[in-house]
Amino acid sequence: MTVFLRALVWFVGDLFKSRRQLEAENLLLRHQLNVALRRAQPRPWLRNGDRLLLILLTKLWPSLLGVVQVVQPETVLRWHRAGFRLFWRWKSRRRAGRPRIDRGLRELIRRMSMENPLWGASRIHGELLMLGFEVAQSTVSKYLVRRGRPPSQTWKTFLRNHADAIAAIDMLVVPTASFDRLFAFLVLGHGRRQLLWIEVTRHPTAAWLAQQITEAFPWTSAPTYLVRDNNGCYGHVFLSRLRAMGIRDRPISPRSP
């Protein structure tokens, strides 16, 4: 701390010096520093005040990093980052809050929760108040026994159970060498990721698409669900054909891939 106060006094005194005097003094100090470094040990010993002074000066004037000779500029930056971490560690330290309840009361809450699965936090809180325990309901809910829920169905299980009943369709634009456009209608089965049907036309209509669905799923091979986009070519005729074949239409959300 003495080094910092001494440097502060020198700084205030330098405000009243002329520019030439400051430049001469700076040149002299640099020369003395170079002489001291030539005769000093390979690794100088620095105090905490020296480190703090270097950090503050380089923080206020970043251009002074190139002037530092005692240590490497990366060392000064490392000190600065370490001080930054210490400051925020102190800032986010655990502060005094609501005191923890007694261990016996915590065990009593867990025991009441385990022996009475249908009791919630409000019921256990009321029972504790009748027993003479002054505790908040939020505290009771914090120490309740969390009962495990059955795991949800994974995507692998879902696909294994339902992929054979799902098919997807899409319309693709195919440019030709003569700068013409063709429309390809694709039907994909999700069970084995197999291309079930493909047909090309120049003018796709709802009636033509309905006919392609009939040819793609003859007899009883129609899937339960059909996934498609919101293309305007799927008209009333196409949707009526899906309902007649017992296929549930499942369009995706607008503008979704």
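For q values of 0.28, 0.34 Å⁻¹, compute log₁₀ I(q)/I(0) with the Debye formula on a Cα-only model of the range 103-142, without solvent.
Calculated log10 I(q)/I(0) at the listed q: -1.01, -1.42.
How high is the FRET efficiency from ARG248 to ARG147, r the C-beta distance, R0 45 Å, rounded to 0.05?
Computed FRET efficiency for ARG248 and ARG147: 0.80.
Please give the net charge around PRO223, taking every other residue with its beta carbon less than 10 angstrom from that of PRO223, where Lys and Arg add +1 and Asp and Glu add -1.
Details: positive: ARG248; negative: ASP164.
That sum, taken over residues with Cβ under 10 Å, equals 0.
All of the numbers you see were taken from the coordinates with simple rules; none came from a lab. Remember, predicted model here, so these are calculated numbers, not experimental data. Neighbour counts are summed over all protein chains in view; Cβ atoms, including those assigned to glycine, are modelled from backbone coordinates with ideal geometry.
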